[in-house]
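A.B. asks: Just dropping this structure here.
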Amino acid sequence: MVTRIVDLRSDTVTKPTEAMRAAMASAEVDDDVLGNDPTAFRLEAEMAKTMGKEAALFVPSGTMGNLICVLVHCDVRGSEVILGDNCHIYIYENGGIATIGGVHPRPVKNNDDGTMDIDLIETAIRDPRGELLYPTTKLICLENTHANSGGRCLSVEYTDRVGELAKKHGLKLHIDGARIFNASVALGIPVDRLVQAADSVSVCLSKGIGAPVGSVIVGSENFIAKARRLRKTLGGGMRQIGILCAAALVALQENIGKLENDHKKARLLADGLRELKGLRVDTLGVETNIVFIDIEDGIQTRAEKICKYLEERGILLMQESSSRMRVVLHHQISASDVQYALSCFKAMLTTNQQVVKGVEKEMDD
């Protein structure tokens, strides 16, 4: 019987803290669709100030937040957005910008650190003289931190350069900042400075900072006015949302300061895993709270088997492929949990090696 659960599947799995539950229970609420929820106002004002933008809007999810931002910027069907070929919007958001918005994605290769080469971005911008034949480039999207690159951070210098490129060509810049607070903490750069070049940013409340539900998008007052209409169109108007916003306010106050420790625990786990024969971890690439674990060739086991073994011992992680796994650290994982996970990984690999050696000996005999 499993008596200990160490949930490393994602930072989205955190449970609301007692402080969050108390804030939710006592939240002052009203109808947000009618524009009257005071707790929503507080959260949106706080997020706009924190991000250095004029206004903000609560949305149910990061996927909806990104979709709204793309559709506000690309307000004519047949518009085109330049984005990374390994980014969240392109891979994990159900093709919504195309299927719902009629926006054409133009992917550019993501480097291992989550960036796209500036010259490749510029090359991907359509020549306006070809508008009879081609989609019209309207938007560039970045992701910070970049999840599929292992939570790597885009520097403020890089983001500024992309922003300058966008302005040069009359384009807008959107940042999918689902884990932007993780990037800010890891880089030591205030979050408003980190997104200064962006025309819009989506920020997930239920990832790194551990609120139970929702995201916030930020931008100019005119941008948010258009976003509010699109939110309603997409079914994202949710009446007494102050109950959810109250938890998010607690998360902003209490959990941003815990992110640095989450990053330390990720590095502790990565360093421990690197020492285990049969596993490969790029420890230099562990900048925030995500760790990818690759199974080396010849180990004669697969990620599915490792995940099943660990699950039986209360450790939950995400299988990415037959030879890759992902773990994500968060504020409800302790240093003791990390050591327990490492001990179970080690036991699994030791058992597997003994089995392999036994089979080899039988074959030799």
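The values are calculated or read from the model by the stated rules, or taken from the named source; none is laboratory data. This is a predicted model, so every value here is computed, not measured. Quick reminder, even Gly has a Cβ in these numbers, built from the backbone with ideal geometry, and neighbours come from all protein chains shown. Protein only, heavy atoms only, side chains kept; ligands, DNA and RNA dropped before computing areas. Shrake-Rupley method; radii C 1.70, N 1.55, O 1.52, S 1.80 Å.
A.B. asks: By accessible area of protein heavy atoms, probe 1.4 Å, what ranking do Leu205, Leu187 get, highest first?
C.D. replies: Leu187, Leu205
A.B. asks: Given the protein chains as shown and a 1.4 Å probe, how many square angstrom of Cys204 are accessible, to the nearest 10?
C.D. replies: Accessible area of Cys204: about 10 Å².
A.B. asks: Straight distance only, please: which lysines reach the Cα of Lys258 with their own Cα at less than 29 Å, same-chain residues fewer than 8 apart left out?
C.D. replies: Candidates past the 8-residue exclusion: Lys15, Lys49, Lys53, Lys207, Lys346.
A.B. asks: Starting from the Cα gyration tensor of the chain, multiply each eigenvalue by 5, take the square root, and state the resulting semi-axes largest first in whole Å.
C.D. replies: After scaling each eigenvalue by five and taking roots: 38, 27, 17 Å.
A.B. asks: Which percentage, to the nearest 5, of the DSSP beta bridges contained in the chain is antiparallel?
C.D. replies: Approximately 50 percent, going by the DSSP bridge assignments.
A.B. asks: Give me a comma-separated list of calculated 3J(HN,Hα) values for segment 281-294, in order, Karplus coefficients 6.51, -1.76, 1.60 applied at θ = phi - 60°, integers in Hz, x for any Gly or Pro.
C.D. replies: 10, 7, 5, 5, x, 8, 9, 10, 10, 10, 10, 9, 10, 9
A.B. asks: Applying the Karplus parametrisation 6.51 cos²θ - 1.76 cosθ + 1.60 with θ = phi - 60° to the phi angles of segment 158-173, what ³J(HN,Hα) value in whole Hz is obtained for each residue in order, glycine and proline being reported as x?
C.D. replies: Values per residue, Gly and Pro as x: 5, 4, 4, 5, 5, x, 5, 4, 4, 4, 4, 9, x, 9, 9, 10 Hz.
A.B. asks: Can you tell me how much longer the chain between Lys109 and Leu284 gets when fully stretched, taken as 0.36 nm per residue apart minus their C-alpha distance, in nm with one decimal?
C.D. replies: Separation in residues times 0.36 nm, less the Cα-Cα distance, equals 60.9 nm.
A.B. asks: Cα convex hull of segment 258-363: mean projected area in nm², to one decimal?
C.D. replies: Computed as one quarter of the Cα hull surface, the answer is 6.5 nm².
A.B. asks: May I ask you to list the GluC sites (Glu not before Pro) in segment 230-335 that are in a DSSP loop and have at most 14 other Cβ atoms within 10 Å of their Cβ?
C.D. replies: Listed in order of number, the matching sites are Glu275, Glu296, Glu312.
A.B. asks: Mind ranking Met116, Met1, Met64 by accessible surface for me, highest first, 1.4 Å probe?
C.D. replies: Met1, Met64, Met116
A.B. asks: Can you list the HN-Hα couplings for segment 250-261, worked out from phi with the Karplus curve (6.51, -1.76, 1.60; θ = phi - 60°), rounded to whole Hz and with x for Gly and Pro?
C.D. replies: 5, 4, 4, 6, 9, 9, 4, x, 8, 5, 4, 5
A.B. asks: Over all Cα pairs of segment 225-276, how is the pair count split among 10 Å bins, expressed in % and running from 0 up to the last occupied bin?
C.D. replies: 19, 24, 24, 20, 12, 1
A.B. asks: Rolling a 1.4 Å sphere over the protein heavy atoms, what is the accessible area per residue of the chain, to the nearest Å²?
C.D. replies: On a per-residue basis, the chain sits at 46 Å².
A.B. asks: List the residues whose amide H sits under 5 Å from the amide H of Glu80, counting only those 5 or more places along or on another chain, with H placed 1.01 Å from N in the peptide plane.
C.D. replies: His104, Thr136, Thr137, Lys138, Leu139
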